[in-house]
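Structure, as structure tokens:
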Amino acid sequence: MMNFQEQFKSDKCIQVSAPGRANLIGEHTDYNNGFVFPFPLKHTVNLSILQDDDNPVGKDAILTLASTMFPEEVTERKIFEEKKNHWTDYIIGSIQVVAKKYDLQIPSLKIIVDSNVPTGAGVSSSAALEVVTIRGIVKLLNLTDISDVDIAILARQAENEYVGMPCGIMDQFASSVGKQNYGVFLDCKTLDYVNVHLNEDYEWLVMKSGITHALVDGEYAKRVAQCASACKMLNVESLRDLTMKDLPRIEKLPELEQKRARHIVTENYRVISAVDALKNDDIQALSQLMLASHESQKVDYEITIPETDAMVKDAMKFGALSARQTGGGFGGSLIIILKKGTRDKWWSQMSKAHPTAELI
Ligand code: GLA
């Protein structure tokens, strides 16, 4: 890795970065064509890319990949190789998607990844890696027609088709399109979005629960399938097509579909209301909606765990304005709103009560 790193001290080296994300509100609504309201973190995944002229261009191109997280390891992969459940899959998958979509001849490349986005914390380090890879190819080949929205779409496609995770577009969109200190209010059906300023009188904290995040266990894919089953029973294309007025129809479904559909329909309503609340500086209303979102994730979507439920409760007890589990579920991170100036006192109590927790 040391020798490998030396080669990047060249003016031909390209540098790109993309942030992780936290979601203020709108959980599991993205793959239901609904609304989400995430924001990009300050933490980024950074790529240094160097064209490797000693190896082929096009379908036989070779990617030589290293990460500062695994300093002992340099991995060589062919550009069109199948996935092998290794961190480099996110890079290979992303490059394949762009190469195929635009019929590009990608040169062989040497890439070093450096990142301060926590992994396994539900803050989308993998989406950031996909976005930054595509951003890097766009910059290297000067593909000025590919917009940030296009990059988000391609990055999600890499995750769905190559990595095999049936996620929505929220994470890649927040990473590619989001602006620092703004939430991105996104309609996942039309991809219309608005950046909404996060009021600086408050702290928008992201707290890692320190409890393992088990999306891999298939719970995420199960939720996707359960929502599809609810749609079939309700005869709608997506749960986005339903509003609060349709709740009586939902009450007639079998219990599982009923719960999942109720979460999505009420969560979409909460996202829209939360954006209005924030625009009107009504932090009280926003806080209530976020707490209700956590409760709905707990009771109807069944994706919280006792530890994150306890963290939300204690965060409030120690003086937070709001708190909820953010991301795919089963641990991961929490988003917490505090009044500016109250952080130290709040954290001294919170960290004592929950020693696994860490502020990101
Ligand atoms: C994961 C997925 C997103 C989204 C969230 C839940 O982060 O990658 O697409 O579904 O879970 O809101």
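The values are calculated or read from the model by the stated rules, or taken from the named source; none is laboratory data. Values in this document were obtained by computation on a predicted structure and should not be read as measured data. Counting neighbours? That spans all protein chains shown, and the Cβs are built from the backbone with ideal geometry, glycine included. All accessible areas refer to the heavy atoms of the entire protein, side chains included, with ligands and DNA or RNA removed. Shrake-Rupley method; radii C 1.70, N 1.55, O 1.52, S 1.80 Å.
A few points about this structure:
- Helical mean residue ellipticity (222 nm; -39500 (n - 2.57) per DSSP H run of 4+; nearest 500) of the chain: -12000 deg cm²/dmol
- Given Lys78/Lys189; Lys222/Lys252; Lys179/Lys339; Lys252/Lys339, the pairs whose alpha carbons are separated by over 31 Å: Lys78/Lys189; Lys252/Lys339
- The chain: most fluctuating residue of Ser126, Ser115, Ser348 per GNM, C-alpha cutoff 10 Å: Ser348
- The stretch 117-171-the stretch 34-90 distance, computed between alpha-carbon centres (Å): 11 Å
- Of the whole protein surface, Val196 contributes about 10 Å² of accessible area at a 1.4 Å probe radius.
- Alpha-carbon centroids, the stretch 329-360 and the stretch 262-299: separation in whole Å: 20 Å
- The charge dipole of the stretch 78-149, taken about its Cα centre with unit charges on the Cβ of Lys, Arg, Asp and Glu (plus for the first two, minus for the last two), comes to roughly 140 debye.
- Peptides 267-273, 9-15, 337-343 ordered by average Cβ neighbours within 10 Å, highest first: 267-273, 337-343, 9-15
- Legend: translational diffusion of the stretch 253-323 by Stokes-Einstein, Rh = Kirkwood radius over C-alpha pairs, 20 °C, 1.002 mPa s; D = 167 µm²/s.
- Inverse of mean 1/r across different Cα pairs in the stretch 237-360, Kirkwood, Å: 15.6 Å
- Within the chain, the selection of entire DSSP H helices by a Cα span of 30 Å or greater along the long axis and an average Kyte-Doolittle value of at least -1.0 returns 255-279.
- The charge dipole of the stretch 97-208, taken about its Cα centre with unit charges on the Cβ atoms of Lys, Arg (+1), Asp and Glu (-1) only, comes to about 380 debye.
- Note on Lys245: lysines with a C-alpha under 19 Å away, same-chain residues under 8 apart excluded, are Lys232, Lys259.
- Rg ratio for the chain: its Cα radius of gyration over 2.2 N^0.38 Å, N being its residue count, equals 1.02.
- Restraint check, Lys279/Lys313; Lys208/Lys340; Lys317/Lys352, Cα-Cα greater than 24 Å: Lys279/Lys313
- Available extension along the chain between Lys139 and Asn116 is 6.1 nm, counting 0.36 nm per residue and deducting the alpha carbon span.
- Alpha carbon Rg of the stretch 109-230, scaled by the compact-globule rule 2.2 N^0.38 Å: 1.16
- The relative contact order of the chain comes to 21 percent, based on Cα pairs under 8 Å that sit 6 or more residues apart.
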